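The values are calculated or read from the model by the stated rules, or taken from the named source; none is laboratory data. Note that the coordinates shown come from a computational prediction; the quantities given were computed from them, not determined experimentally. With ideal geometry, Cβ positions are generated from the backbone for all residues, glycine too; neighbour counts draw on all protein chains shown. Heads up: the accessible areas ignore ligands, DNA and RNA and are worked out on the full protein's heavy atoms, side chains in. Shrake-Rupley method; radii C 1.70, N 1.55, O 1.52, S 1.80 Å.
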Amino acid sequence: MAFDINMIKEVYARYPERIEAARKVVGKPLTLTEKILYAHLSEGVASQAYSRGVSYVDFQPDRVAMQDATAQMALLQFMQAGKNQAAVPSTVHCDHLIQAEVGAVTDLAKANDKNKEVYDFLSSVSNKYGIGFWKPGAGIIHQVVLENYAFPGGMMIGTDSHTPNAGGLGMVAIGVGGADACDVMAGLPWELKFPKLIGVKLTGKLSGWTAAKDVILKVAGILTVKGGTGAIVEYFGDGARSLSATGKGTICNMGAEIGATTSIFGYDEKSAAYLEGTGRADIATLANGIASHLTGDDEVYANPEKYFDQVIEINLSELEPHVNGPFTPDLAWPISKFAAAVKENGWPAKLDVGLIGSCTNSSYEDISRAASLAQQAVDKKLVAKSEYTITPGSEQVRFTVDRDGFLDTFGQMGGVVLANACGPCIGQWARHGADKQEKNSIITSFNRNFAKRADGNPNTHAFVASPEIVTALAIAGDLTFNPLTDSLTNEDGQQVRLEEPRGLELPTLGFAVEDAGYQAPAEDGSKVNVSVSPTSDRLQLLESFKAWEGTDLKGLKLLIKAKGKCTTDHISMAGPWLRFRGHLDNISNNMLIGAVNAFNDQTNKVKNQLTGEFGEVPATQRAYKAAGIGTIVVGDENYGEGSSREHAAMEPRFLGVRAILVKSFARIHETNLKKQGMLALTFANPSDYELVKEDDTIDIVGLTTFAPDKQLQVVFHHSDGTSDTINVNHTYNQGQIEWFIAGSALNLIKEGL
Ligand code: MIC
Ligand code: SF4
């Protein structure tokens, strides 16, 4: 489990020369983001400056992290890449497949039993290819990475959209699909469009009820779910330096919700303290040696408008606690305005469940602050009105907060400690009664709150807040309670107030753990056998997708015109479907079942043009496939928002969808589509979306001269005999066009073998 100190030394040794070269080509002071990116160019030192938002650049990341629900596909692809070992230090984390029902011990035992086949597969593939394996119960990928592997000035990719969590320790950490991870583990460079830069200047200092989470809840309100697309968000200023490393992690983590490529903070005393606290003082010593490279230049932070594409300023001293939601993480309410919003919108004011923890908010600081409120509830004879759950982010945090008595305090308040895993955050929640689909409210310290995400019930109104606010509201059992101003009635009928929460950034006695749950890979993995049963319903070896036929695509049918929000949860739902993440054929049965059909406002009900009948999306698509007819999917803005799961791209590819045509894409999803050999297209004129009719037959023209920066044409033949021809844009560069031609990026790697 030990981090690779020599690797970090090598990375730092490269810094001076690479930064010097970057300074020359860029010709002005550098942001921290630019320093790290230029220090990780795969060509070595920079020979040119890259234009933000335009140039595709090849990078050489230092690490790869994968979680179990995405690692299966990533590793099934890697197994075909013909390598003996992962080319960079890589880890797998078993966190997504554990269902929360009763409590940590029982739930974990059940998961070990139910998911045995998948865990055995991941453990043996990891063993074979030199990949570190974190067993079920060890914790959630991002928390485990922050505690063990993140380092200032490093670059990591991870097959999960919240990989940016490591930005709290100054690492450029980016969420990607499994195919990208496969490339990096195969020793290939990793490509990214050089990002735009958003600077967030933090002044002042947090106090009272306000927490780091409120910074990102506020930023999400300002930038919205697509405002960060194509950008890295760099935080700086006195306020930034005052935040704990884990607080910074929370902010970077939830930057995924504004579509940001990643978010980052500079190296400072808080980073050093966290490194020391987590047993990595030697990294802090190394980082101190190149400290000036691990933060942006002074001139940049003095005049940020000159160096960032956009600047936001937030005064932490004035920042109010926020509650965001429901159904989208960017609907931001300062707590003083929230009660009125609840009433005006008719959201259920009664709070059924408060859930704290998750990869976003499960640090020692978070838990200790929330526990200080639980302790008050006990002392002041307040009985918590809502159910209350705690998901620790790692076994190390769990063990430590247990030792320090916090879990016991939660227990006294009626809280239930769940396994160190994703659980309710990703629909792995056997919530009693959710199938009745009653209208109700929950509040979590997680990051996402899309419809159906936590419990599968479309009428659950999920709100997101800091662990402190979640705890206070769970004690009150009421969404309209404002702990800053309101009092509660206790068991003796007295009016009592909750004092502001208190906690510690790091444990006074240090972190402790008995068994962190790590399994090191075999020294020589060549003898390790990985077997996948051909009759398994959970794992399936991959077959290559067919190469492009070399012609324009004619006579395609419209599968669905999706309306409004279409996140990866809508395209490939998680929860019960997580069990099929290693089996492409089976998981394809969830394709687009959550997307709203623009022609009837219903989900999972589309017209089969061959029969005129309405059916479920996956079944309808299978019917087209059986008839040898390709289809296209049309979508709205920010299509594919949310998760990194490449299943959302592989399923349509597997079932014979040829193109996804939308108003705009979320970054990871667009890349995932390209990697799998799909056409990811955008309307040149967004209002052309209106031209698409339910009975359309569609041609995609211009593919024989498919080239970067050159539009393609799409012809919609309507059933009344008329047609519309429109221009569509794409962002394929030459290399990505090769993926399309070969049928997928993986096909190209295989051709090279
Ligand atoms: C999520 O938070 O949506 C997930 C589940 O962690 C996903 C990954 C997945 O779908 O497996 C993510 O964020 O990328
Ligand atoms: Fe797991 Fe939720 Fe974090 Fe995704 S956001 S990694 S599901 S805890």
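Would you check if there is a residue in segment 535-550 being open to solvent by 30 Å² or more (accessible area, probe 1.4 Å) and in a strand (DSSP E or B)? Checked segment 535-550: no residue is open to solvent by 30 Å² or more (accessible area, probe 1.4 Å) and in a strand (DSSP E or B). Does any residue of segment 568-580 turn out to be touching a strand residue (DSSP E or B) at 6+ places or on another chain (Cβ under 9 Å) and over 23 Å from C422 (Cα atoms)? No, that holds for no residue. Looking across A465, A476, one residue alone is under 19 Å from the mean Cα position of the chain (by Cα) and more than 16 Å from ligand 1 (Cβ to nearest atom). It is A465. Of everything in segment 171-226 that is charged (D, E, K, R) and part of a loop (DSSP other than H, G, I, E, B), the residue that is least open to solvent (accessible area, probe 1.4 Å) is K226. Among what's in segment 550-584 and is of a type in the set (D, E, K, R) and more than 16 Å from ligand 2 (Cβ to nearest atom), pick the residue that is farthest from L610 (Cα to Cα). Among those that are of a type in the set (D, E, K, R) and more than 16 Å from ligand 2 (Cβ to nearest atom), it is K565. Taking segment 617-639 as the range and being crowded, with 17+ Cβ neighbours inside 10 Å and either charged (D, E, K, R) or modelled with pLDDT under 95 (or both) as the test, the residues that pass are R622, D636, E637.
Going by what's in this entry, would L673 be described as part of a loop (DSSP other than H, G, I, E, B) and away from ligand 2 (no atom under 16 Å from the Cβ)?
no
The listed residues are L331, L373, L351, and the only one of them that is more than 16 Å from ligand 1 (Cβ to nearest atom), touching a Gly at 6+ places or on another chain (Cβ under 8 Å) and either open to solvent by less than 10 Å² (accessible area, probe 1.4 Å) or small (G, A, S) (or both) turns out to be L351. Among the criteria (1) surrounded by 19 or more Cβ atoms within 10 Å (Cβ to Cβ); (2) within 26 Å of the chain's Cα centre (by Cα), the one K663 does not fulfil is (1). Residues that are open to solvent by 30 Å² or more (accessible area, probe 1.4 Å), aliphatic (A, V, I, L, M) and either modelled with pLDDT under 95 or under 24 Å from the mean Cα position of the chain (by Cα) (or both): does segment 110-124 have at least one? No, segment 110-124 contains no residue that is open to solvent by 30 Å² or more (accessible area, probe 1.4 Å), aliphatic (A, V, I, L, M) and either modelled with pLDDT under 95 or under 24 Å from the mean Cα position of the chain (by Cα) (or both). Output the residues belonging to segment 618-649 that are hydrophobic (A, V, I, L, M, F, W, C) and either closer than 30 Å to T261 by Cβ or in contact with a Pro (Cβ under 9 Å, 6 or more places away or on another chain) (or both). Result: I632, V633, V634, A648, A649.
Annotation: A240 fulfils all but one of (1) more than 19 Å from the chain's Cα centre (by Cα); (2) assigned to a helix (DSSP H, G or I); (3) under 15 Å from E365 (Cβ atoms); the unmet one is (3).
Assessment of segment 640-660 against the conditions (part of a loop (DSSP other than H, G, I, E, B), under 30 Å from F446 (Cα atoms), in contact (Cβ under 8 Å) with a residue 24 or more places away in the chain and open to solvent by 40 Å² or more (accessible area, probe 1.4 Å)) yields no matching residue.
Of the residues in segment 21-31, not one is closer than 30 Å to V92 by Cβ and within 29 Å of the chain's Cα centre (by Cα). Checking each residue in segment 551-585 for being within 19 Å of the chain's Cα centre (by Cα) and part of a loop (DSSP other than H, G, I, E, B) picks out K565, C566, M573, A574, R581. Please tell me if E468 is of a type outside the set (K, R) and open to solvent by 20 Å² or more (accessible area, probe 1.4 Å). Against the criterion (of a type outside the set (K, R) and open to solvent by 20 Å² or more (accessible area, probe 1.4 Å)), E468 does not qualify.
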